[in-house]
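Notes to accompany the following structure.
Computed from the coordinates by the stated procedures, all read-outs in this text should not be read as laboratory data. Please read all numbers here as calculations on a predicted model, not as lab measurements. Here the Cβ positions follow ideal geometry from the backbone for every residue, glycine too, while neighbour counts run over all protein chains shown.
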Amino acid sequence: MSAIASHKCKNLKGRIVVPGDKSISHRALMLGGIAVGETTIHGLLEGEDVLCTAAAMEQMGAQIERPSESGGVWRVYGRGVGGLSEPTETLDMGNSGTAARLMTGLMAAHPFSTKFSGDASLNSRPMARVTVPLEQMGASFVTEDGGRMPMTVKGSDQLMPIEYTLPVASAQVKSAVLFAGLNTAGITTVIESHATRDHSERMLQHFGATVETEVMNDGGRRISVTGYPELTGQAVIVPSDISSAAFPVVAALITPGSHITISGVGMNPLRTGILDTLIEMGGDIQFVNECEEAGEPVADIVVKSSNLTGVVVPPERAPSMIDEYPVLAMAAACASGSTRMDGIGELRVKESDRLGVVARGLIAAGVQLEEGEDWMTVHGTGSPPKGGNMVAAELDHRIAMSFLILGMASDQPITVDDASPMDTSFPGFADLMNDLGAEIK
């Protein structure tokens, strides 16, 4: 393990570019791998999770040309819908639940067996939410106790289309079913009561699939994909990841005298809940140079240090910011008054029990809070906590980065027991933050 500490810093200044969007990077590699012709990907996140997806697609016959240096153009030559070949080895999904669940849907519609595994964290996470609808379509699965990986997908090219209502808001489950529907005759439909991130729908359309989204009277969405599309290779420009941008955004808000700009961030409205919440708390956040790339809205984010005030974050906002609650909790710890976060039980089945890990780390840093099964209330005092604690991040990249952000403002340094997981989503995190004025070492 590689411990790392974040010390109180003077201020943060400058312009940065954070890594490419992880969700879009996974999808670009997968859809490029089942399209016909060449797909070029600019700005791909070259983190460990995405590299696992690239390796898996290669094992199943997609040809991928990696750039000679980091940040270059990736080229993918696909096999067509239903054209992937049976892998000879277990597919290693690393730490990525997104990759594991989306690719499970993809392979459910191929007539052979595919074995998936991952690291200890991924193998502890539930897969039943994905296997249940795919079994209804006609695939079968062999899993460990509790429906966990390692897992063998016994696919079929004779799946039946279904209409499936998500029991829990999940873009991963929605995408898995839609991906299986690509190699399934007829129309496959997913109904969600709360809108989740729609990167799959946007990218499927970009590659040529017929996707229809209907907003229902109760605010939910009905998303349908028509089977057997002719997907063709496309140019994909991956915007900077808003989940990664959230860390320097919060750091600048809670560090006095800060003024930073984050360039080219994806501003998908189903992903911007964290920015909506921070603005409600009084955060000075502006958006400039707004444009659209490959169907995704993009903008530069300008952030200045601010006096934050606690708010109530409604449960219906959770799908648009589920990965950002840990760093929001750091902002709440520095705000005046209480911040209540409801409907966040999904955090307990992420890379770690994020709700529990955040609570323990904040309490050790001197923050008062309460937590329940699916909620947390953080009581801020209007100034940063004392810090001085060691955080056991439990191999969770977002936990590690969140507490390093808090350490930039806390009275005493905050140490994270293992910095290595940060490379799964944010390679070079410490160096980039130090370039702005942080003291992480």
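For Lys174, go through the aspartates and glutamates and keep the ones whose alpha-carbon is under 12 Å away, minus same-chain ones fewer than eight residues off.
Glu163, Glu192, Asp198, Glu201
Which whole-Hz couplings ³J(HN,Hα) result when phi for each residue of the range 281-286 is put into the Karplus expression 6.51 cos²θ - 1.76 cosθ + 1.60, θ = phi - 60°, listed in order with x for Gly and Pro?
The phi angles translate into 6, x, x, 7, 10, 10 Hz.
Any idea how far the Cα center of the range 217-265 sits from the one of the range 31-78, in Å?
A separation of 19 Å, based on Cα centres.
Candidates (1) 133; (2) 124; (3) 142; which is the computed volume of the Cα convex hull per residue in Å³?
Computing volume of the Cα convex hull per residue in Å³ and matching it to (1) 133; (2) 124; (3) 142 gives (2).
Based only on other Cβ atoms within 10 Å, what is the fewest-to-most ordering of Tyr77, Tyr164, Tyr228? All intermediate terms of the calculation are to be shown ahead of the outcome.
On the way: Tyr77 17, Tyr164 21, Tyr228 13.
Listing Tyr77, Tyr164, Tyr228 from fewest to most nearby Cβ atoms yields Tyr228, Tyr77, Tyr164.
What residue among Pro19, Pro385, Pro167 shows peak mean-square fluctuation when the chain is described by a Gaussian network model with Cα springs under 10 Å?
Pro167
Scan around Asp418 for amide H atoms under 5 Å from its own, H built in the peptide plane at 1.01 Å from N, and keep only partners 5 or more places away or cross-chain.
Ile4, Ala393
Would you mind checking which residues have amide H under 5 Å from Ala35's amide H? H placed 1.01 Å from N; only 5 or more apart, or other chain.
Result for Ala35 returns Gly78, Arg79, Gly80.
What's the FRET efficiency of Arg360 with Gln136 using the Cβ-Cβ distance as r and R₀ = 30 Å, to the nearest 0.05? Could the numbers behind the result be given before it?
Details: r = 39 Å, r/R0 = 1.30.
Once rounded, the FRET efficiency stands at 0.15.
About the Cα centre of the range 1-139, how large is the charge dipole given +1 on each Lys and Arg Cβ and -1 on each Asp and Glu Cβ? Please answer in debye to the nearest 20.
720
Where does each of Trp375, Trp74 land when they are ranked from fewest to most other beta-carbon atoms within 10 angstrom?
Least to most surrounded, the residues fall as Trp375, Trp74.
How do Met267, Met216, Met127 line up, fewest other C-beta atoms within 10 Å first? All intermediate terms of the calculation are to be shown ahead of the outcome.
On the way: Met267 21, Met216 11, Met127 25.
Ranked by crowding around the Cβ, least crowded first: Met216, Met267, Met127.
Springs between alpha-carbon atoms under 10 Å, Gaussian network over the chain: tell me which of Leu406, Leu369, Leu275 tops the mean-square fluctuations.
Leu369
Are there GluC sites (Glu not before Pro) in the range 34-77 that DSSP puts in a loop and that have at most 11 other Cβ atoms within 10 Å, and which ones? Could you put the intermediate results ahead of the total?
Numbers: sites: Glu38, Glu46, Glu48, Glu58, Glu65, Glu69; in loops: Glu46, Glu69.
Those satisfying the criteria are Glu69.
Would you work out if the range 22-237 is rounded, prolate or oblate? Take a ≥ b ≥ c from the square roots of the eigenvalues of the alpha-carbon gyration tensor; rounded if a/c is under 1.5, else prolate when a/b is larger than b/c, oblate otherwise. It would help to have the intermediate numbers written out before the result.
Numbers: a/c = 1.41, a/b = 1.15, b/c = 1.23.
Here the range 22-237 falls in the rounded category.
For Ala55 and Glu163, calculate 0.36 nm times their separation in residues minus their Cα-Cα distance, and state this gained length in nm to one decimal. Could you put the intermediate results ahead of the total?
Details: separation 108, 0.36 × 108 = 38.88 nm, distance 3.20 nm.
Taking Ala55 through Glu163 to full extension adds about 35.7 nm, to one decimal.
Whose amide H sits under 5 Å from the amide H of Met93, counting only residues 5 or more places off or on another chain, with H placed in the peptide plane?
Placed amide hydrogens put Ser117, Gly118 under 5 Å from Met93.
Which residue fluctuates the most in the chain, going by a Gaussian network model with Cα springs under 10 Å, if the choices are Glu351, Glu373, Glu296?
Glu373
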